[in-house]
Amino acid sequence: MRSLGPITALLLFGCNFSQAGINPTENTLNFPMALALSDDVDPATGGARYLYVANSNFDLRFNAGSLWALDLDAMEDQVLAGNNADADACPLDTDAPNCELWPLETFDDGASDRPIDESGVTNQSVPIISQEVGIGSHADGLALSVRGDRLYLPMRGDRDLTFVPIDQGGGGFNCDQATRENEGEPDIPRCADRFRAGHDGGVASERELTITGSPTDVVTGRIVDIGGGQEAAGDFVLMSLDDGRVALFLDRHEGGDNSPELVHIADGFPTNVITMAIEPSVGIAWMTSVGTSTLARVGISIDPVNPRRSFLYNAGSVRLGGVDDGEDTRDFVFHPTDPSRAFVLSRRPEAVVEIAVNRRGFTQSDVAVVDLWEVGAGPSRLDVAEIDGTTYAFASCFDAQRLFVIDVDAGALIGVLGGFSGPFDIVVDAARERLYMADFSTSVIRVVDLSALSTGGAPRIQARFGELRPISSLTD
Amino acid sequence: MRLRLRHLVLGLPLGLAFPACGGNTNTATPVAFDRPEDVSFFCWNTAAGELAPLDDCATPAGDPTEGNPEMADRALFAMVTQTTTGEIAAVRITGELGEPGVVDSDVRLPGFTFAAVGEVPSAMTYDFESGSAFVVGRGVGGELFRVGVPSIVNSDAQGADVTLVKRLADPDPVRPSALAQVGRNLYVTLPETGQILRLSIGADGSVPEPAAEDYLSLSAPDPLPAQVELTTAPSVYREVCGGASNVTPPLPAPRTPVSLGATAEPWELEVDDLDPAAPVLLVADRALPIIHRIDLTTYTELAPLNVAVPTRALSLTPPVPNSTDPAADEGTDRYLYAIDETDRSVFVVHYDDADPEFGAVLPVSVLEPFDRMDLPFGARALETMTPGYDGPDSIAECVGSESGPAAVRGVFLAVGSNDGTVRFVDVYDADLPCRGTSDDCPGGGSATAGDELVAIARHHPRIGTQTDEPVTVDPDPEWQTTSGTVQVRGDGTNSSQSIAPNLLPLECPGRLGSVYGDPEPLLCAVTDPWAATSQTWTVAYDGTLPFTSTTGASLQPGTDDTLLVLTGSDACERGVLGSGQVPTDGPLAGYAGDVVVITADLPPSILALDDDLRTRCEEITARTAGGDITPLVLPIREAAVPDEGDPSLLGNVSRFVVGPPLDVPATVQEVLDCYPELVEIEVRAQGAFVVSGSLVGAVQGFVHPIARNTTTGLCEVDADLLAENRRGRAFFGQEFNNGGLAFSLGEAPPQLEVATLTAQIREVPIRLALDVSSIGSAASTPSLLVSLAYNDVDERLYVVDQAVQGLLRVRLRGSVAVTQTFR
């Protein structure tokens, strides 16, 4: 992530690596890096019940990162109620697992009409943080299994794949979490070590594989959907590594809590892979990367007889040719209803590029470019969603500190939303007409209301979840 | 002269004009723009401190330089919309008021302040009478703003005068995309409602509330009006001399109309005001395959033009002479250029309503598609430029020393492409009479030295460099054999005829010309100056079909004595042909079918064994003492792309039914046993030559006749494709032609070795192009072109690059060059 390089250098300059570090403070967002929506939906709205947030602990302020499940119904209640409780109402030394009065600032015009009690706290507040568990530092991605029962995180700090089973309701984690004993300071419950796959010594693969590079992203899907045969249960998990390799895990948990097994690592892909995206119904993942105009593709071939002999293979790369110059791509999203179309978030040029997946461009190695729309400086993450019958692309732009909104059907940029500090990962809940954004620089989650899009209006920031903590305050 | 590049890149002039400065002081100007998009112009009277008619800033005709003393008290300005910030900025381009540059509209604030006009401003126009700029945006409510232009010009400005005129989104949500002014009316596109909105402008810039009749709903005719079909080749403005090939584009067949929606979706506007008393508004429709025409005197829709595809941009030329000879009077024509919404290609429509061909899409290329300009990448913007041209009766005579391929005087089209390059297209070259030193060229002895071959044709990309050689093969073609390189002589023979075949003379077919052979052609290729491509053709015996190599093939049991080979790529698209689908007649009759070749070593799971299976597998692969293996060759009996989801595919795309290995005594079961894991394979021809070019396209790449049978899924020879010269494979004793390359092979030599003929097509004329990404910097910066605007007042092209360069001012006459950038 190019934009964060200088910050990294700044933050690591004064680190003392010999100490054990500070335990994570409960209910504290710390450089949220990745988001995912739960599979479990609210029957009333059709929207996701939970938002999962991976706190990267990017500045190594704590000795661990954390994974959160946020109750979106509760958040919605507070947003609608206009809860604007201040930070003091949620003491950090509370023993309560859920902070009932999480500071939530709204920009709702009706704020002055909210019922406020004498302490200045709304009477209608409800828990938002459903659960929080400690994980390693520097989670670079977050993927939810198709069945919605596991989360996978590529951990750059530990060079492993962390997996976290989710309870049936979707709002709790089952990773044998426990607080550390005898540390003499407060701590958050942490996932047990056995929920880290691919780690040294933790591999059961007959191929004796070792992960050497740093994980950068993770995607998952069902084995049965990519040729594993009807008998094949479980998921495949692909984890990209920054040394040009991709690791294949098979997670045949079948309802248990077995560890995903690392079965193959393929090499020869671009270094500096940023993100991956699974082509629907095809065992091929597309990858974005920095420093090359190549969109690499890794294929999965499942051996239905002996899954441990399954392989990754180089499915052939295509070049993002015909643009100037396509040598820095940051995200890749397939069209939500038409898998022959996909969108690439490019930094050279800074644009959302629509491609025709199965068509070729000027040369046989070029993918066909259908359209491209400008976005702001430092485009970082992309999501595409259909809202009220119209397909929109949303691009977070870290350096521009803005969110760009493109009406894909109309083929035009239609909105630019500011007010962010470090917009990074985004997810769109089309049913709720909400966009959730990890505002990396200030360690908050932003809630963007998309409902006005269908009436020709513009999205607006509706709420900020978390206490603003600008990077500059880290040295305080 | 060796021409190694297809496109002339004009990035250096600015770099030379602004070399890196010495010293330690950082004098870089901070970037002021934030995603500029649209541009408009106005003239400022610096002495009076007021607006002046735009013509007051005109550069004297024929003088491409700055500094006209008569303009001492005039300054040319541009206004540029800023997408990200929702502003319009003023840019001082010329004049004595101060240094050219971006204008800060509020000097009290740090940094650059511009006029805030709402979210995502998309289009702008300038009204001199009221001194206002009008801006519409795609953001909230589709707002129309008025900006008092003087308020953003004055150097002591203290904030812009901006007024919200109207929310166009009331009551329906709309996001206007284009704005045009004709007389005292503004015309706004409303794509969501399929309407054009007319708004009148008061003398003070006020805009009264529109009436119901000001909303003009565009038609969606059903049935569509008939396409105008050409029965004869249209008049051709073309000058090809000095040895260049002269090929006329064939008439295109009418296209089947394509619609991207059921109702009109107006997107961009172009005004036809040739008759000021009866202006016509042309509307590009992104949904319907028609171009709407609106009579602005009655504000009613005229019969639309059926162009078979939706369009996203238009550009109209003035009348231009039909003859290349200025003394000849062959009348004039007008043309309407458009960007095809379906693929961003560019086409041209005959636009002279006094002509029966009015509305016809014209042939512009000798290669398919004949009705699309040969531009490599999708177009984002179009603009007609008329430097030094004020109608057919006012063309100044050319001057030889000022004429050349990079000089643009007359009428031209500029096309901004996805790749950040501006390309130029000839419409009428006023300097043509001075071009070409050869006797058959109009320039004769007056042309600049070195300007030998001339190729100028209407609607064709402009050739941008002097050339002195026609398209040819360079170096001479040669055979690569296992024994070494064998040169092909001019008569087709070679020095090792026992191992490499001869080339036989042939008559170049169709639109191909000779590129090698003396005295008779041996190799024929596309020699048309605009259609030729610098690329390398290979003719490989038993060669690999391009893009069939994979490391992820899976072997599965078949029926009888066969194996199934499953791969993830589309075999029919790649041109694979099994022996069972070889036709009984035609050039492929008798072909043995392609083969699958296992090129990889035995898999780790076999090599890890220490038993009879490993021993047997190593026998089959004939492992040598050095560890090398002999690839297994499996004849393809059937190649197919079954329906998606076929369970036998195991998630793959294609399936080959193959027989036992050739030349190796082994069963299919043994092969299966030896390769229990994914395997590396490729598909090769068998006893035939694979002919492929290094690029892809109509006559490039591996041009084959194989297509998927939609009923059976089998890869079969498509008779229609074969009839289009998509031969793919060449055979001994046959003449080969794939539309891009033609040759005739002699009989097989007695001791044939695996041989590959290589022919590199060179000396392709370089086209005039402006690579925005290479301007003013040694390092390439990304560019994203968004709009082009020709300013008749200073005869400059303005290019807006959203990525890095901002607003570029491009000189046209003399030689195309960027002279200023504003960002």
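Between B:Asp561 and B:Asp468, what length in nm is gained on full extension when 0.36 nm per residue of separation is reduced by their alpha carbon distance? Spell out each step's value before the answer.
Numbers: separation 93, 0.36 × 93 = 33.48 nm, distance 6.11 nm.
Between B:Asp561 and B:Asp468, full extension yields 27.4 nm more.
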Notebook entry, point to check: Under unit Cβ charges (Lys, Arg +1; Asp, Glu -1), what dipole magnitude, rounded to 20 debye, does the protein assembly as shown have relative to its Cα centre?
Noted result: 1720 debye
Next item on the list: On a C-alpha basis, how far is the centre of the range B:102-174 from the centre of the range A:123-179 in Å? Whole number, if you could?
Entry: 48 Å
Notebook entry, point to check: Convex hull over the Cα atoms of the range B:516-649, averaged projected area in nm²?
Noted result: 14.3 nm²
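Nothing charged except the Cβ atoms of Lys and Arg (+1) and of Asp and Glu (-1): what's the magnitude of the dipole of the range B:342-414 about its Cα centre? Round to the nearest 20 debye.
Details: 4 positive and 13 negative charges, 85 e Å.
Its charge dipole is roughly 400 debye.
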Item checked: Euclidean distance of C-alpha centroids, the range B:324-342 and the range B:524-586, integer Å -> 43 Å
Margin query: Among B:Phe145, B:Ser483, B:Phe358, whose Cα projects farthest towards the positive end of the dipole of chain B, with charges put on the beta-carbon of Lys, Arg (+1) and Asp, Glu (-1)?
Written below: B:Ser483
Margin query: Quick query: amide H of B:Leu51 versus all other amide H atoms, modeled in the peptide plane; which residues come in under 5 Å with a sequence gap of 5 or more or a different chain?
Written below: B:Asn45
Item checked: Zero-based 5 Å bins, Cα pair distances in the range B:455-521, whole percents -> 3, 14, 18, 18, 15, 11, 9, 6, 4, 1, 0
Check: Which value, in Å³ per residue, describes the convex hull spanned by the Cα atoms of the range B:760-823?
Finding: 127 Å³
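How large is the charge dipole for chain B, taken about the Cα centre, if only the Cβ atoms of Lys, Arg (+1) and Asp, Glu (-1) carry charge, to the nearest 20 debye?
Details: 48 positive and 114 negative charges, 229 e Å.
In total the dipole reaches around 1100 debye.
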Next item on the list: Would you calculate the separation in nanometres between label points at A:Asp267 and B:Ala72, each defined as 7 Å from the Cα along the Cα-to-beta-carbon direction?
Entry: 7.4 nm
Next item on the list: Please report how far the C-alpha centroid of the range B:406-461 lies from that of the range A:322-382, rounded to the nearest whole angstrom.
Entry: 35 Å
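Whole number please: convex hull volume per residue, Cα atoms of the range B:368-517, in Å³. It would help to have the intermediate numbers written out before the result.
Values: hull volume 27.6 nm³, N = 150.
That works out to 184 Å³ per residue.
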Checklist line | Inter-site label distance for A:Thr179 and B:Ser498 at 7 Å from Cα along Cβ, in nm | finding: 9.1 nm
Check: Which GluC sites (Glu not before Pro) does the range B:272-343 hold that lie in a coil by DSSP with at most 16 other beta carbons within 10 Å?
Finding: B:Glu330
Check: Between B:Glu644 and B:Glu368, 0.36 nm times their residue separation minus their Cα-Cα distance comes to what?
Finding: 96.3 nm
Item checked: Spherically averaged projected area of the range B:356-411 from its Cα convex hull (nm²) -> 6.4 nm²
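Please work out the FRET efficiency for the pair B:Val236 and B:Asp172, using the Cβ-Cβ distance as r and a Förster radius of 60 Å; give the result to the nearest 0.05. Walk me through the numbers before you get to the answer.
On the way: r = 47 Å, r/R0 = 0.79.
Taking R0 as 60 Å, the efficiency between B:Val236 and B:Asp172 is 0.80.
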Checklist line | Square roots of five times the Cα gyration tensor eigenvalues for the protein assembly as shown, Å | finding: 51, 49, 26
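Quick check: net charge around B:Ala284, other residues with Cβ under 12 Å of its Cβ, Lys/Arg +1 and Asp/Glu -1? Don't skip to the end; give the middle numbers.
Details: positive: B:Arg286, B:Arg293, B:Arg312; negative: B:Glu265, B:Glu268, B:Glu270, B:Asp285, B:Asp340, B:Glu341.
The answer is -3.
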Check: When Rg is the radius of gyration of the Cα atoms in the range B:306-445 and Rh is its Kirkwood radius, what does Rg/Rh come to?
Finding: 0.98
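Taking the Cβ-Cβ separation of B:Ala303 and A:Thr390 as r and a Förster radius of 35 Å, what is the calculated FRET efficiency to the nearest 0.05? Present the calculation step by step, with values, prior to reporting the outcome.
Values: r = 32 Å, r/R0 = 0.92.
Efficiency for this residue pair is about 0.65.
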Check: How high is the FRET efficiency from A:Ser451 to B:Asn185, r the C-beta distance, R0 30 Å, rounded to 0.05?
Finding: 0.25
Item checked: Convex hull per residue volume in Å³, alpha carbons only, for the range B:381-450 -> 100 Å³
Notebook entry, point to check: Under a 5 Å amide H to amide H cut-off, with H placed in plane at 1.01 Å, what residues pair with B:Arg286 once short-range neighbours are removed?
Noted result: B:Glu265, B:Trp267, B:Thr311
Item checked: chain B: equivalent-ellipsoid semi-axes (sqrt of 5 x gyration tensor eigenvalues, Cα, Å) -> 57, 32, 27
Margin query: For a quick check: with amide H placed at 1.01 Å from N, whose amide H comes under 5 Å from A:Asn57's, ignoring anything fewer than 5 positions away on the same chain?
Written below: A:Asn30, A:Ser66, A:His138
Note to self: Can you compute the modelled spin-label distance between A:Arg207 and B:Ala625, with each label point 7 Å from Cα toward Cβ, in nm?
What the structure shows: 3.5 nm
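Any read-out appearing in this document is the output of simple, stated calculations on the displayed coordinates, not a laboratory observation. What you are looking at is a predicted structure, and each value in this text was computed from that prediction instead of being measured. Don't worry about glycine lacking a Cβ; one is built from the backbone with ideal geometry, like all the others, and counts go over all protein chains shown.
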